[in-house]
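Q: Input: one structure, supplied below.
The values are calculated or read from the model by the stated rules, or taken from the named source; none is laboratory data. Keep in mind that what you see is a predicted model, and the values were worked out from it rather than measured. Every residue, glycine as well, gets a Cβ built from its backbone with ideal geometry; the counts of neighbours run over all protein chains shown.
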Amino acid sequence: MATHATLHIYALILEKLTRQKSTSLVELKAFLESHELGKSDRTIARYIEQMRNEFGLDIKYDASEKGYLFEKSNDFEVELFLNFMQLSQSTGIEIGGKKRMAELMQLVQFDSKLRLQGVENLRNILFAIQNRRFINFKHINYHTDKITSYRIKPILLKQYQYRWYVIGDIKEGEYRTFGCDRISDLDIETKTFVAKNNKEARKKFEQIIGLNYSDSELQKVRLELTPLQAKYLNASPLHSSQYIESETREAVIFVLNLIPNYELIQQILLMGDQVKVLAPASLRFEVKKLLLSALELYKK
């Protein structure tokens, strides 16, 4: 049965193989060494053989390419493997191959969104942030399918709703967020930049929920929830500033000090008739307008 350390190496090998069409043994060795996991060629080859035999992953060696090819013909198998790697690392559960995974599948159900999206670019982007390097990349807009090239000063990596985003300065003080799963052709320049307002940029994104920030002022948001819904919100806060202002048998009042934005409104709407916006008036008006608009759809 593979140890947790070995499973971690399997996951790293799979990560490297999914990045490109063909990966040589030299490239795999260098990738593992970058994670302080130096292994011999023979050991790496044995790991790949075990990944084939134990987990049924379709990894082949192409002599013409002089590298390993990973066939993504069965996305379910890949997704299942990666989900179980995360489960093993988080809980200590031993994963011993396809048979063991099949047994655990009778006891565990994975959310289809469990695995974070965009993780393949994280290491390089984080390196660029730490070393203040410019990065170039192509980014696809899912709404228009348009691909645009960007050059940014990467400031911050942010996780939101199972996805990773890089926040960057595209002009002096003009920040944008880019989904890491929509980034391709990532290139890190040797040229560095002076981080002038990085702390200010980070603070901006600490004052919001999600990704859409503005230069608006912080506001005191007051929400009235049913006692049942309050339990869920208390267990999974919307924002780090959240606290309970008052509590009765009929209702619980929560306060959040932040800049209201699109993501906050979406979170409020998700709670349906279990929440009422008390303040500010502008947020109350916006939520009410959206609810009335939704109601009109059911009158037709």
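Q: Being among the hydroxyl-bearing types (Ser, Thr, Tyr), in a strand (DSSP E or B) and farther than 18 Å from ARG202 by Cα is the filter here, so list the residues in segment 118-169 that pass it.
A: Hits for segment 118-169 are THR148, SER149, TYR150.
Q: For segment 123-137, which positions are touching a residue at least 40 places away in the same chain (Cβ under 8 Å) and among the hydrophobic types (A, V, I, L, M, F, W, C)?
A: Result: ILE125, PHE127, ALA128, PHE134, ILE135, PHE137.
Q: Of (1) surrounded by 14 or more Cβ atoms within 10 Å (Cβ to Cβ); (2) on the phi > 0 side of the Ramachandran plot, GLY272 satisfies all except one. Which?
A: (1) is the only condition that GLY272 fails.
Q: Let me ask something additional. Determine, yes or no, whether LYS60 is of a type in the set (D, E, K, R), more than 23 Å from the chain's Cα centre (by Cα) and not assigned by TED's automatic domain parsing to the domain that holds ARG182.
A: When the stated conditions are applied, LYS60 passes them.
Q: Look through segment 170-204, keep the residues that are assigned to a strand (DSSP E or B) and of a type in the set (Val, Ile, Thr), and return whichever of them is surrounded by the fewest Cβ atoms within 10 Å (Cβ to Cβ).
A: Here the answer is THR190.
Q: For segment 1-57, give me each residue that is part of a loop (DSSP other than H, G, I, E, B), within 22 Å of ASN124 (Cα to Cα) and in contact with a strand residue (DSSP E or B) (Cβ under 8 Å, 6 or more places away or on another chain).
A: Of everything in segment 1-57, those that are part of a loop (DSSP other than H, G, I, E, B), within 22 Å of ASN124 (Cα to Cα) and in contact with a strand residue (DSSP E or B) (Cβ under 8 Å, 6 or more places away or on another chain) turn out to be THR18, LYS21, SER22, SER24.
Q: Next question, about the same structure. crowded, with 16+ Cβ neighbours inside 10 Å and closer than 21 Å to GLU263 by Cα, is that true of ILE167?
A: yes
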